[in-house]
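**Student:** My questions all concern the structure below.
The values are calculated or read from the model by the stated rules, or taken from the named source; none is laboratory data. Remember, predicted model here, so these are calculated numbers, not experimental data. Don't worry about glycine lacking a Cβ; one is built from the backbone with ideal geometry, like all the others, and counts go over all protein chains shown. Remember, those area values only see protein heavy atoms, side chains included, never the ligands or the DNA or RNA. Shrake-Rupley method; radii C 1.70, N 1.55, O 1.52, S 1.80 Å.
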Amino acid sequence: MSAIPPKVRATLTLVDGIAVGESGCNTFAGPYTVTADELVFGLFAATTTKVCDDKAMRVEATYLDTLSQVARFGVRDTGLLLVSPPGSTLLAYVPAPARTLDGAWTVTAIQNDRGAIVAPVAGSSLMSTFATDGTL
């Protein structure tokens with residue numbers, strides 16, 4: 001394990017069998033299954049296709065490869081650990097700060113008809129505003 005370079009983000013969110021996150025340069029999405037303390041990621045078929053600097057691209061290649069090696073997980077006071085089959089810690093996560101959806105949000109990526117995550121049409125402006133009363 002090594003630290004992620006400054007200004008490069010690697011994130012992971014797991015919700016209802018779908019893993020999404022940032023992989024250093026691009027965003028990704030794909031299935032996962034979890035049973036007891038076992039965790040297995042499927043193919044990350046939905047990814048954006050940006051090209052970034054060498055540091056970010058190295059992080060991305062390593063991060064996505066490492067996720068494919070995960071077999072188990074553990075939760076500690078410090079956060080989430082993803083572990084290899086022999087029991088070595090592969091990835092360590094700290095919880096993201098709590099956020100609310102309230103306010104205006106700009107769409108920066110959208111899933112196209114082929115399942116890929118892509119940038120919106122150049123020159124377009126897509127926004128959503130979430131109100132505190134739960135309306136969109």
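**Student:** Only residues in region 94-106 that are closer than 23 Å to L136 by Cα count as the first member; pair them with residues that are β-branched (V, I, T) and open to solvent by 90 Å² or more (accessible area, probe 1.4 Å), Cβ under 7 angstrom, at least 6 apart or cross-chain, and list the lot.
**Tutor:** D102/T132
**Student:** Being of a type in the set (D, E) and closer than 19 Å to G79 by Cα narrows it down to one of E38, E60, so name that one.
**Tutor:** Only one candidate passes the filter, namely E38.
**Student:** Shifting gears a bit: Of all residues in region 84-131 being in contact with a Gly (Cβ under 9 Å, 6 or more places away or on another chain) and among the hydroxyl-bearing types (S, T, Y), which is least open to solvent (accessible area, probe 1.4 Å)?
**Tutor:** Y93
**Student:** Then there's this: Kindly establish whether T27 is closer than 23 Å to P120 by Cβ, hydroxyl-bearing (S, T, Y) and open to solvent by less than 80 Å² (accessible area, probe 1.4 Å).
**Tutor:** For T27, the condition - closer than 23 Å to P120 by Cβ, hydroxyl-bearing (S, T, Y) and open to solvent by less than 80 Å² (accessible area, probe 1.4 Å) - is met.
**Student:** Does at least one position in region 101-113 carry a residue that is out of contact with any Lys or Arg (no Cβ under 6 Å at 6 or more places or on another chain) and either farther than 30 Å from M127 by Cβ or among the basic types (K, R) (or both)?
**Tutor:** Within region 101-113, none of the residues are out of contact with any Lys or Arg (no Cβ under 6 Å at 6 or more places or on another chain) and either farther than 30 Å from M127 by Cβ or among the basic types (K, R) (or both).
**Student:** Residue by residue through region 17-72, note down the ones that are of a type in the set (V, I, T), closer than 15 Å to A116 by Cβ and touching a residue at least 40 places away in the same chain (Cβ under 8 Å).
**Tutor:** Listed by number, the residues that qualify are T27, T47, T48, T49.
**Student:** From the list T48, T78, which residue is at pLDDT below 90, β-branched (V, I, T) and open to solvent by less than 40 Å² (accessible area, probe 1.4 Å)?
**Tutor:** Checking each option against the conditions leaves just T48.
**Student:** Could you please find all residues in region 93-108 being aliphatic (A, V, I, L, M) and either over 30 Å from S2 (Cβ atoms) or at pLDDT 85 or above (or both)?
**Tutor:** V94, L101, A104, V107
**Student:** Still on this structure, please answer the following. What single numbered condition from (1) at positive phi; (2) in contact with a Lys or Arg (Cβ under 7 Å, 6 or more places away or on another chain); (3) not charged (D, E, K, R) fails to hold for G79?
**Tutor:** Unmet condition: (2).
**Student:** Right, another one. Which numbered condition in (1) touching a residue at least 24 places away in the same chain (Cβ under 8 Å); (2) open to solvent by 80 Å² or more (accessible area, probe 1.4 Å); (3) of a type in the set (A, V, I, L, M) is the only one that A10 fails?
**Tutor:** For A10, the exception is condition (2).
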